[in-house]
1. Only one of (1) touching a residue at least 24 places away in the same chain (Cβ under 8 Å); (2) outside the structural domain of residue 444 (by TED's automatic domain parsing); (3) more than 25 Å from the chain's Cα centre (by Cα) fails for residue 338. Which number is that?
2. Being without any contact (Cβ under 8 Å) to a residue 40 or more places away in the chain, part of a loop (DSSP other than H, G, I, E, B) and closer than 30 Å to residue 265 by Cα is true for just one of 157, 177. Which residue is that?
3. Quick one: would you say residue 371 is at negative phi, in contact with a strand residue (DSSP E or B) (Cβ under 7 Å, 6 or more places away or on another chain), free of Cβ contacts under 8 Å to residues at least 40 places away in the same chain and not in a loop (DSSP other than H, G, I, E, B)?
4. Is it the case that some residue within the stretch 175-182 is assigned by TED's automatic domain parsing to the domain that holds residue 259 and within 30 Å of residue 294 (Cα to Cα)?
5. Exactly one of (1) in contact with a helix residue (DSSP H, G or I) (Cβ under 8 Å, 6 or more places away or on another chain); (2) assigned by TED's automatic domain parsing to the domain that holds residue 125; (3) not in a loop (DSSP other than H, G, I, E, B) is unmet by residue 446. Its number?
6. Kindly check whether there is at least one residue in the stretch 198-216 that is touching a strand residue (DSSP E or B) at 6+ places or on another chain (Cβ under 8 Å) and surrounded by 14 or more Cβ atoms within 10 Å (Cβ to Cβ).
7. Identify the single condition in (1) touching a residue at least 60 places away in the same chain (Cβ under 8 Å); (2) in a helix (DSSP H, G or I); (3) under 24 Å from residue 29 (Cα atoms) that residue 257 does not satisfy, given that it satisfies every other one.
8. Among the residues in the stretch 380-390, are any in a loop (DSSP other than H, G, I, E, B) and in the same structural domain as residue 445 (by TED's automatic domain parsing)?
C-alpha cells in the first residue's frame with residue numbers, strides 16, 4: 001500500500017478549501033454519489049485489466065485518485081460515509097464509530113423489525129445540504145444495504161432514505177416518514193431477494209484469470225472456502241442472508257433505479273442527488289479476505305453491475321447532465337495468518353479483556369462502578385464524575401491501565417488523549433488520525449493502536465478499523481462534464497471529495513470544511529483562494 005505523504009492543512013480542523021464559482025447555466029441535473037463499502041485502494045489497479053464495465057469507465061474517463069486516505073483512525077462504515085460526503089473529519093461530524101453512528105431508540109422501522117436509526121448524532125452540514133441551499137427544489141434519494149450507509153451520505157436531511165431489512169425488503173425509519181410510499185412497497189412486493197434462493201456463485205472468468213488461490217483454510221471460518229458457493233434453497237433464508245452475497249449490490253442498484261423513475265429525479269431545474277452505498281464488497285471482504293479469489297471475482301462482478309446501472313441511468317436521463325462521484329468508506333487488513341505466511345512476521349489477535357477486568361476489580365473494591373471505566377474496542381471511556389464521587393484518581397487508574405495495555409503483545413502504542421493535543425501531527429500520522437477521530441463531546445481518555453497487521457478479538461473474519469494505510473486508503477473518482485479526466489498519483493484525502501465536488505457543481509460550503517478542493521480535477525479551476 002502506498003505510504004501517505006504530509007499534506008498541507010492536515011494538522012488542524014481549519015478550512016483550506018477554495019470558494020466555488022457560480023454554476024454554469026447547464027449545471028448537472030443529477031449528482032450520483034457512489035460509496036463502495038470496504039473498497040481498498042489497491043483493488044482497482046490490481047484488477048483493472050478485467051474492468052470493462054462501470055468501474056473501468058469511471059477510472060478511465062474521470063479524474064481518478066488511486067490514493068485517497070481516510071485521514072482518521074476509526075476506519076469504519078459510519079465515520080467513512082460521514083467524512084466523505086461532508087468534507088469533515090469524525091472529530092467534526094461526531095460520527096466517531098459505527099456504534100456511535102445512526103442507532104436511535106426513539107424511532108422505529110417501517111413495516112420491519114429491527115433497531116431504529118436516524119442521523120441525529122451527525123453534526124454540521126453535508127454536501128446535499130449545500131446543494132439544497134443553492135437549489136431549494138433539490139431532492140435526494142439515498143439507498144444502501146446498511147442503515148448507516150444510506151443515512152450518512154445525506155447528513156440530517158429528511159429525504160428519501162432507505163436500507164435493507166432482515167426480512168428481505170427495503171425500509172426506512174419514522175425519522176423520515178410515517179409510511180412507505182407506493183413505489184417502495186411495489187418494489188418489495190417483487191420479492192427479488194427470495195427469488196435468489198439456490199443461486200450458485202461461480203467465477204465469471206476462467207480459472208487462469210485469477211492469480212489468487214481458491215480455498216485457503218483461514219477464509220470463511222474454514223467453511224465453504226472453495227467455489228462454487230450456493231445460496232440457501234429456502235426463500236426466506238435466502239432473503240435474510242442476501243447481504244452476504246454479491247447480488248446484494250444488484251438488488252440495491254435495481255432499487256435505486258426504481259426510485260429514480262418513481263421520484264423523477266433529474267428531470268426538474270436544479271440538481272437532485274442519488275446516493276448509493278454498495279455493501280457486498282464489505283461482506284465478501286470480511287468473509288474471504290482482500291487476497292481471495294472471491295474478492296477478485298466480486299470486483300469484476302461489481303464492475304459489470306455498475307456498468308449496467310450507469311447505462312440504465314443514461315437511458316433515463318441525458319448523460320451530459322449526470323455527474324458521478326465514487327469512493328470507499330474504508331479498506332481492510334489481510335488475514336493475520338496470511339500475512340505471517342507471506343512475510344514471516346509475527347502477527348495475531350489482541351484482547352484486552354483480562355487487563356480491563358483486573359482494573360475494574362480493583363475499582364469495584366473502591367466503589368467505582370464498572371460502567372465508569374469501559375473499553376469500546378480501542379477507546380477507553382471514563383466517567384470522571386463517578387471517580388470523583390468515589391474519591392479515586394481517574395488519572396492514576398488510566399495511567400496504570402495504559403501501562404498494562406502497552407505490555408500486551410501486538411499493541412504498538414496507547415496514547416493519552418490529552419497528550420495527542422501536543423503531538424507532532426505533521427510527522428506522526430497515527431497521532432494525526434486519532435486527533436481527526438476524537439470529538440470533545442465524548443469522554444475518551446486513552447486510545448490504543450495495534451502493531452500493523454495485528455487485529456482485535458478472536459474472530460475469524462478479515463477486519464478493518466485501524467489507522468494503518470491498508471485500512472485508510474480508498475479510491476476517489478469524479479466523472480462528468482465539470483471534471484478533467486486523468487490519473488493523479490498524489491496522495492489526497494477523502495474529506496477533499498465533498499469540497500471538490502461542490503466546486504465542480506458551483507456550490508459553496510457556508511462553514512469551513514476539513515478538506516480542500518482538488519483543483520487539478522476541475523476543467524475550470526477557481527481563481528481565488530480562501
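1. (3)
2. Criteria check complete, one pass: 157.
3. Numbers: at negative phi: yes; in contact with a strand residue (DSSP E or B) (Cβ under 7 Å, 6 or more places away or on another chain): no; free of Cβ contacts under 8 Å to residues at least 40 places away in the same chain: yes; not in a loop (DSSP other than H, G, I, E, B): yes.
Taking the combined requirement at face value, the residue does not satisfy it.
4. no
5. (2)
6. Yes - at least one qualifying residue is present in the stretch 198-216.
7. (1)
8. Yes, the stretch 380-390 contains at least one residue that is in a loop (DSSP other than H, G, I, E, B) and in the same structural domain as residue 445 (by TED's automatic domain parsing).
The values are calculated or read from the model by the stated rules, or taken from the named source; none is laboratory data. The structure displayed is predicted, hence computed values, not measured ones. Cβ atoms come from the backbone with ideal geometry, glycine included; neighbour counts cover every protein chain shown.
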